[in-house]
Structure formats: C-alpha cells, structure tokens
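Encoded as structure tokens, the structure appears first; notes follow it.
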Amino acid sequence: MAGCDDEMTGIGQLNEKPLHAALKAALAQPGDRFEVSVDGYIVDIVREDLLVEIQTGNFAAIKTKLAALVRHHPLRLIYPIAREKWILKPAPKTADTLIRRKSPKRGRLEDLFHELIRIPHLLAHPNFSLEIVLTREEERRRFAGKRHWRKRGWVTDERRLLEVVARQAFQHPSDLMGLLPTDLEERFTTQSLAAALGIGRPLAQRMTYCLRHLNLIEMVGKHHRFHLYTRAASPQG
C-alpha cells in the first residue's frame, strides 16, 4: 500500500488467510507498519502509538495476547461479520467445477456477542476498543467426510473479502447499549430481547451476559422461569 513503511515485512507475508490479508490491506492507512514485534507478540498493524489487531476467528485464541498488550498500549481489535456471504462448493461429479450460491444467513452487529462473551472485561479497559467490519464475503468449502458431521461433512477452506460494507466502533462499554432496541420495555428477559431484535435466544443470552458483566444492565428478579433485567442506573463507560 502506498505510503506504508517498506522496512517492515509488508502485508501478507506471514502465510495469512485471504480474508485476514484482504482486511489488512483494505483498512491500512499511509504510514502503517505491518507484522511488528511488540512486547513479544507480532501485531498486525502499528499506527503511530495505536496497535491494530485483526481477528477473523475465535477471540479465545488471542485473549492472552490482547490482555498483555493493552497493559501498555492503546489497542483496537477489528472483527469482520459477513452481512452477505456467497458459498462455493465443488460440483457433485467434478471437483473442477464450483457451484456458487448465496447464503440465506445475514450477519448483523449483534453477532459480535458470539465472540465478545470470551473477553467482555477488555472493553472496560481504557486502552481497548473494538471495531466491527460488516462485509460481503465468499466462502470456499470442501467435503471432508463424516467426522465433520455438524456441517454434514463440509468444512471451510478459506474466506475471501468481496467488499467492506460498513464499520462500527465501540470505544466504551456504554456504546454497546445502542444495540438494545429503543422500544424495549424497562424490564426485559432474554426471551423478550430476542423477540424485539429478531434474533435467537442463545444470542440474546450472550448479549445480556456481556452487558451485565460490564455493569450496563442489572438483574432485578424473575418472570416465570426467566431472569428479569433492566438498564443500570449508572452504566459504566
């Protein structure tokens, strides 16, 4: 990328997956340095005093790294969510031909809680911020047999970026409250939250776990078999 520091290793020279490399190239700014060693860890992008880390998978894999780096450095974690996904699979009778179809699933900002549940405490750290990148992606799959029964034998070989659709930063814990529906009742359950957002209850449970962990909501009783929550009087952040 023009203007970036040529003394560093450059983009994509650490055997990156295509999605990770493409995001780094798309989000890079002039003057950025890539794959820099900081406190014993390799950081994707160093932008002046800001560390930028891109994670396309499980947050648990990097939580130790993040916790160590935020002690002494401002750090932004970037996480892509596919708003639109195209799936490529080999045709039944020939591996040389690929069948391309659009996935009916559409990612949304609330999906960040699937991963944030692993590191909710970090969002309260003054050096940490989270940026969600909504994307259009292409996912290439191959058949790997019965051992991958959860996906009917199919596994993802790689993900490729088609387009960055939107970006949303969460600088402080209270920024997450903007994801709650404005018409949500004063006291709510994970069931009513799921219904208001049009999401599954497991995701609503992850949301309430993170918001409660960050002292943004509090438990105030039960309604039938469901816990009741309300917005905290003095939310953090």
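Just so you know, all these numbers are worked out from the coordinates, no wet-lab data involved. Everything numeric in this text was worked out from a predicted model, so none of it was measured. Cβ placement follows ideal geometry from the backbone for every residue including glycine, while neighbour counts extend to all protein chains displayed.
From the coordinates of this entry, Rg and Dmax of the Cα atoms in Å is computed, and it appears in (1) 23.5, 71; (2) 17.3, 50; (3) 20.0, 62 under the label (3). As a quick test, which of the pairs 17/89; 24/85; 17/65 have an alpha carbon distance above 23 angstrom in this structure? Violating the 23 Å limit, Cα to Cα: no pairs. Counted by neighbouring Cβ atoms within 10 Å, the residues 129, 37 run from fewest to most as 37, 129. Averaging Cα coordinates gives a centre for segment 197-237 and one for segment 88-137; these two points are 24 Å apart. Note on residue 102 and residue 67: the model spin-label points, each 7 Å out from Cα along the C-beta direction, lie 4.3 nm apart. Per residue, the chain reaches -5000 deg cm²/dmol at 222 nm when only DSSP H runs of four or more residues are counted, each adding -39500 (n - 2.57). Beta bridges per DSSP, both residues in the chain: antiparallel share near 65 percent. Measuring nothing but how far apart in sequence close Cα pairs (under 8 Å, 6+ apart) lie, relative to its length, the chain scores a relative contact order of 15 percent.
In a DSSP loop and with at most 13 other Cβ atoms within 10 Å, the trypsin sites (Lys or Arg not before Pro) in segment 14-116 are 71, 93, 105, 106. For a modelled paramagnetic label at residue 166, 7 Å from Cα along Cα-to-Cβ, the residues of segment 67-96 in reach, with backbone nitrogen under 14 Å, are 81-84.
Based on the Stokes-Einstein relation at 10 °C and a viscosity of 1.306 mPa s, and on the Kirkwood radius from alpha carbon pairs, segment 46-116 is assigned a translational diffusion coefficient of 105 µm²/s.
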